[in-house]
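First the structure, in the form of structure tokens, and then the observations on it.
The values are calculated or read from the model by the stated rules, or taken from the named source; none is laboratory data. Because the structure is a prediction, the values reported are computed rather than measured. No Cβ is skipped: glycine too gets one built from the backbone with ideal geometry, and neighbour counts run over all protein chains shown. The protein model used for the area step is the full one, side chains on, heavy atoms only, and it has no ligands, DNA or RNA in it. Shrake-Rupley method; radii C 1.70, N 1.55, O 1.52, S 1.80 Å.
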Amino acid sequence: MSTTTQEVKQVEKEPLFGKKERRLITDPLNDNNPITVQILGICSALAVTSLVYPSVVMAIAVIFVTAFSNLTTSLLRNYIPKSVRMIVQLIIIATLVTVVELMLKYFNYPIYKQLSVYIGLIITNCIVMGRLEAFAMANKPWRSFLDGIGNGLGYGLILIIVGVVREIFGKGTLFAGSPLEMKLIGNTSEFFINTTDSTLFGWYSNNNLMVLPAAAMFVIGIIIWIQRSRNTKLVDIS
Amino acid sequence: MEALNVFIKAAFIENLVLAYFLGMCSYLAVSKSVKTAFGLGLAVIFVLGITMPINWIINEYLLSEDGLIGMDLTFLRFILFIAVIASMVQLVEMVIEKASPSLYTSLGIFLPLITVNCAILGGSLFMVSRDYTFGNSVAFGLGGGFGWFLAIIAIAAIREKIRYSNVPPGLRGLGMAFILTGLMGMAFMSLMGIDPAALAAGVN
């Protein structure tokens, strides 16, 4: 009798999707964003964001890997010896990345070709390993899974913002290469705003700097600036 | 001589951080003081210098079709490379913990994160795609590590100085580091056209 009431209490204490669980997903979107606050997972953010479409695919791949690696590690956390934990975690991640790579190869070959190296480099994306070390090794499976989804989403959000800025200003298009392709501004009649015969936009030309990787650094720097001036708690004191 | 060219190219012209933007996480997070940056830089040189030849041997004799096993096992490349890197990092972690506990605590979580430093795995993948010989892969590992070391020392020194400047509060620290790295990357882009082999031929 007493054990059943205890169980009921425990279930009441930990609802499947309560306030705490919601915070696990919403926190990484802003106040605890993996890229701008935790500084994890920047390499691929720089490399794939010159266009939006690859950024979206990359974001989905990373959400999948963070969620399921967090879940698997959390299930195994009591059986992993501390001294070899990194190797075990990396094998979990490498297996999941191989799954993602094969699925992408099957479903969308052109984007697979475009991303190929960077899909492999999800293994070394610090955000996956960082979350395993910081969260999944000490928390229960369901919460770890949500934490993985939240951090993947936070990462994807920044990736897509940077991709949108770089693609619009660098190429004048949006979602190039996907079925949703939009041509916004450019110097031929295919574009929505044609700069050759427009009197209003005649001065405009694409900014080639935005195509270079260095531009991603500037864009992320400015995102951090905006975020920290809105939330002064995040400002570095040092 | 060719190995020297590979070293110079990896360290300056095709710098892993500033030309390919690999290994950014620890580069940004540990560059607050020159002292810790120095320690991490040395650890990265060591890990790159050791893993590169080991991975070269694995790729040449285990994974390739005319290796010892005689099967095309290249789909296992990621898992084997990362296992080698992870075990080497664990080794370095144990050595640093014994040799210098203060450095160990100041590096904190970023020591295990050398494993997921894109520069290490990225370096090994570059080595495979560029068909380096054994000697060249050693030179590439040391040169790439040295380039990474130079870059992190440079940004750490700039960040130490910039603390006394009047940066807008929102940009202080991380935001400024991003923008500085972008500028340093653009500066290093001007080195990209230099070909050490052609230069050496011209001098002789």
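If you go through the stretch B:88-138 and pick out every residue that is in a helix (DSSP H, G or I), at pLDDT 85 or above and of a type in the set (S, T, N, Q), you end up with 3. You will find that of A:Ser144, A:Ser83, the residue that is under 17 Å from the mean Cα position of the chain (by Cα) and either open to solvent by 30 Å² or more (accessible area, probe 1.4 Å) or away from every other protein chain (no Cβ under 14 Å) (or both) is A:Ser144 and no other. Scanning the stretch B:146-193 for residues that are of a type in the set (Ser, Thr, Tyr) and either part of a loop (DSSP other than H, G, I, E, B) or surrounded by fewer than 15 Cβ atoms within 10 Å (Cβ to Cβ) (or both) yields B:Tyr164, B:Ser165, B:Ser190.
Residues checked against (1) touching a helix residue (DSSP H, G or I) at 6+ places or on another chain (Cβ under 7 Å); (2) of a type in the set (Phe, Trp, Tyr); (3) open to solvent by 80 Å² or more (accessible area, probe 1.4 Å):
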position	(1), (2), (3)
A:Lys183	no, no, no
A:Phe191	no, yes, no
A:Asn194	no, no, no
A:Trp203	no, yes, yes
A:Val211	yes, no, no
A:Ala214	yes, no, no
A:Met217	yes, no, no
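Candidates in the stretch A:219-238 are the residues that are out of contact with any Ser or Thr (no Cβ under 9 Å at 6 or more places or on another chain) and part of a helix (DSSP H, G or I); of these, the one that is most open to solvent (accessible area, probe 1.4 Å) is A:Arg230. Residue selection: A:Ser50 fails the criterion of being without any contact (Cβ under 8 Å) to a residue 12 or more places away in the chain, open to solvent by 10 Å² or more (accessible area, probe 1.4 Å) and polar (S, T, N, Q).
A Cβ distance below 7 Å, combined with a sequence gap of six or more or placement on separate chains, defines the contacts here; from the stretch A:125-152, residues that are under 13 Å from A:Asn78 (Cα atoms) reach residues that are hydrophobic (A, V, I, L, M, F, W, C) and surrounded by fewer than 24 Cβ atoms within 10 Å (Cβ to Cβ) in the pairs A:Pro141/A:Leu71; A:Pro141/A:Leu75. Does A:Gly172 meet the test of being away from chain B (no Cβ under 14 Å), open to solvent by less than 10 Å² (accessible area, probe 1.4 Å) and touching a strand residue (DSSP E or B) at 6+ places or on another chain (Cβ under 9 Å)? The answer is yes for A:Gly172. Scoring B:Gly173 on the criteria (1) more than 7 Å from every other protein chain (Cβ to nearest Cβ); (2) in contact with an Asp or Glu (Cβ under 6 Å, 6 or more places away or on another chain) leaves a single failure, condition (1). Only one entry of A:Val62, A:Val99, A:Val56 meets the criterion of being under 27 Å from B:Leu174 (Cα atoms), modelled with pLDDT of 85 or more, in a helix (DSSP H, G or I) and open to solvent by 30 Å² or more (accessible area, probe 1.4 Å), and that entry is A:Val56. Among the residues making up the stretch A:192-215, those that are more than 8 Å from chain B (Cβ to nearest Cβ) and touching a Lys or Arg at 6+ places or on another chain (Cβ under 8 Å) are A:Phe192, A:Asn206, A:Met210, A:Val211. The residues in the stretch B:57-77 that are in contact (Cβ under 8 Å) with a residue 24 or more places away in the chain and either over 15 Å from B:Ser137 (Cβ atoms) or open to solvent by less than 40 Å² (accessible area, probe 1.4 Å) (or both) can be counted, and the count is 2.
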